[in-house]
């Protein structure tokens, strides 16, 4: 085989790979759906016409999500009235208690106490988020978590009958499931994921290091 033949074959193979790559990208794009930068009113904070919108996809059992709580609260406090925060559920199936925690927060939200529940679940994450994986200890810990969540509800003074009806209503879990699907269709592959006016930041380090800078960059442009 001469050099010209080998070159031609390499060129053909390269072209085929490029076509395959382009086809894969096109297929991915066809499945992609942008996330919805909104949620029920009880899971939002700040004015609807805010200059900056932070959309956080989070899991209450995710330690990394708890690690960015102070950063996000600090930015919200510093620029109060100019930032809107939207919380979206991304309760991973491999976090056994993430979905029950999300359901509790949803039902608390319907009683006007989503953010209080949000903060409490993260503050006490060490009590319920780490658990044995097998055997009798696992079942015992699951019962303990149910008791802890019931205790949180009492601490937050949630109305018991309304809470029970809400947590048992399949529609509540369906809301959590729908936002999980939304996240996956938006190719969100990790928590916490934060969108700042549509720009994506993934993981605690980028969120802690970049959130304030990005918010102030946007606000600086808005002022100029």
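The values are calculated or read from the model by the stated rules, or taken from the named source; none is laboratory data. Here the structure is a predicted model, which means the values were calculated and not measured. With ideal geometry, Cβ positions are generated from the backbone for all residues, glycine too; neighbour counts draw on all protein chains shown.
Could you identify the single residue in 158, 163, 130 that is part of a helix (DSSP H, G or I) and closer than 20 Å to residue 117 by Cα? Walk me through it before giving the result.
On the way: 158 fails: part of a helix (DSSP H, G or I); 130 fails: part of a helix (DSSP H, G or I).
Step by step, each of 158, 163, 130 is checked, and only 163 is part of a helix (DSSP H, G or I) and closer than 20 Å to residue 117 by Cα.
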Counting only residues that are in contact with a helix residue (DSSP H, G or I) (Cβ under 8 Å, 6 or more places away or on another chain) and buried (at least 20 other Cβ atoms within 10 Å of the Cβ), how many does region 66-116 have? 25
Which pairs do you get when a residue that is assigned by TED's automatic domain parsing to the domain that holds residue 152 and free of Cβ contacts under 8 Å to residues at least 40 places away in the same chain, found in region 99-115, comes within reach of a residue that is in a loop (DSSP other than H, G, I, E, B) and crowded, with 20+ Cβ neighbours inside 10 Å, reach meaning Cβ atoms under 7 angstrom, with the pair 6+ apart or on two chains? none
Name every residue in region 19-49 that is assigned to a loop (DSSP other than H, G, I, E, B), surrounded by fewer than 17 Cβ atoms within 10 Å (Cβ to Cβ) and modelled with pLDDT of 85 or more, in order of residue number. 33, 34, 36, 37, 38, 40, 47, 48, 49
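Quick grid of which residues meet (1) more than 12 Å from residue 79 (Cβ to Cβ); (2) in contact with a helix residue (DSSP H, G or I) (Cβ under 7 Å, 6 or more places away or on another chain); (3) assigned to a helix (DSSP H, G or I):
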residue	(1), (2), (3)
183	yes, no, yes
187	yes, no, no
201	yes, yes, no
205	yes, no, yes
214	no, no, yes
